[in-house]
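Reviewing the structure listed below.
What follows draws every value from the coordinates through simple rules; no lab data is involved. This one's a predicted model, so the numbers in the text were calculated from it and none came from an experiment. Backbone-built Cβ (ideal geometry, glycine too); neighbour counts: all protein chains shown.
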Amino acid sequence: MTVLIAPSILSADFGRLAEQVSEAAEAGADWIHVDVMDGHFVPNITIGPAVTAAVRAATDLPVDVHLMIEEPDRYLSAFADAGADYVTVHQEVCPHLHRTIERMRELGLHPGVTLNPATSLDTLVEVVPEVDLALIMSVNPGFGGQSYIPSSTEKIRRLRTMLDERGASGAELEVDGGVNVDTAGAVSGAGASVLVAGAAVFGHPDGIAEAIRLIRSAAEDGGATAEKGETEEEDAAQVGSWSRRSVD
Ligand code: DX5
Ligand code: ZN
């Protein structure tokens with residue numbers, strides 16, 4: 001499976017934002033991830049529609065807006081006007097999540113939904129057929145540069161199964177938080193199709209291009225290992241239980 005890389009501008013140099021976005025695009029980034037925080041849903045405050053519009057103007061890549069805000073419905077049209085392509089809302093702040101998704105669709109956005117690490121995947125089971133993107137938070141949202149929560153890998157695997165079983169295989173499965181060269185393989189191997197990376201891209205000592213190359217290569221290795229594991233599992237099942245091998 002081809003994995004898309006979505007650098008998060010949260011760790012970019014905001015004084016040179018357009019330049020950093022162009023650099024990421026030239027380095028082969030697939031999407032640009034924009035983290036919007038309100039100081040209520042999460043303890044940090046970042047940016048809003050005006051900066052999103054500046055990102056839009058700096059690139060032709062899809063702009064992927066992650067709303068970590070309360071009452072996101074109030075701001076959907078502002079982000080649509082700012083040129084967002086994908087907008088992702090948190091289940092925890094959307095009592096009428098289905099309606100919110102419908103509204104995003106009406107505005108011409110690709111609707112996305114996400115969950116905090118402590119929130120059960122079951123809360124998405126009814127809406128996954130309606131979305132274009134489902135995002136697993138692999139850190140508690142609010143800050144860049146945190147460590148990947150290891151239990152996220154199993155959650156990604158379960159979400160992949162849920163998407164496939166609910167007829168939503170075409171939706172992107174995005175993972176956000178602590179993705180770097182060490183974790184990208186497991187994330188992609190578990191079934192992610194879009195990897196967000198902030199600190200690992202904009203904070204890499206060898207620059208943005210090298211960072212993206214390394215993360216992509218780790219993700220492709222992880223995806224290939226997972227596919228090989230599945231093939232081995234199928235082969236073993238055909239041969240019979242006496243020859244069953246471990247695929248871990
Ligand atoms: C966290 C944000 C992430 C963040 C990821 O609340 O949603 O998008 O930028 O940053 P890293 O890749 O540094 O963990
Ligand atoms: Zn994010």
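Using only alpha-carbon positions, what ratio does the radius of gyration of the chain give when scaled by 2.2 N^0.38 Å? Write down the numbers at each step before the final one.
Details: Rg = 18.1 Å, N = 248, 2.2 N^0.38 = 17.9 Å.
Dividing the Cα Rg of the chain by 2.2 N^0.38 Å gives 1.01.
Taking the Cα centre as origin and putting +1 on Lys and Arg beta-carbons and -1 on Asp and Glu beta-carbons, what dipole magnitude results for the stretch 22-115, to the nearest 20 debye?
Details: 5 positive and 15 negative charges, 51 e Å.
Here the size comes out at about 240 debye.
Can you order the peptides 174-180, 109-115 by their average number of other Cβ atoms within 10 Å per residue, highest first? The partial results should precede the final answer.
Details: 174-180: 26.7, 109-115: 22.0.
Sorting 174-180, 109-115 by mean packing, highest first, produces 174-180, 109-115.
Lys/Arg Cβ at +1, Asp/Glu Cβ at -1, dipole of the stretch 52-131 taken about the Cα centre: which of Val89, Val55, Leu124 is farthest positive-ward?
The listed residue farthest towards the positive side: Val55.
Mind jotting down the distance between the C-alpha centroids of the stretch 195-228 and the stretch 106-141, whole Å?
The two parts, judged by their Cα centres, are 23 Å apart.
Only Cα pairs under 8 Å and at least 6 apart count here; give the relative contact order of the stretch 1-40 as a rounded whole percent.
55 percent
May I ask you to order 181-194, 133-146 by the average number of other C-beta atoms within 10 Å around their residues, highest value first?
Ranked from most to least packed, the peptides come out as 181-194, 133-146.
Determine the relative contact order of the chain: mean sequence separation of Cα pairs under 8 Å and six or more apart, normalised by residue count, in whole percent.
Relative contact order, the chain: 19 percent.
Work from the charge dipole of the stretch 1-105 (Cβ charges, +1 for Lys and Arg, -1 for Asp and Glu, about the Cα centre) and give the residue of Val42, Gln20, Val3 farthest towards its positive end.
Farthest towards the positive pole: Val42.
Given a Förster distance of 22 Å, report the FRET efficiency between Ala50 and Ser22 from their Cβ-Cβ distance, rounded to the nearest 0.05.
Once the sixth-power term is evaluated, E becomes 0.75.
Given points 7 Å out from each Cα along the Cα-Cβ axis, report the Arg99 to Glu154 separation in nanometres with one decimal.
Spacing of the two 7 Å Cα→Cβ label points: 3.6 nm.
Hey, what did the stretch 10-151 get for relative contact order, percent, Cα under 8 Å, at least 6 apart? Intermediate values should be presented prior to the final figure.
Details: 227 pairs, mean separation 27.0, N = 142.
Here the relative contact order equals 19 percent.
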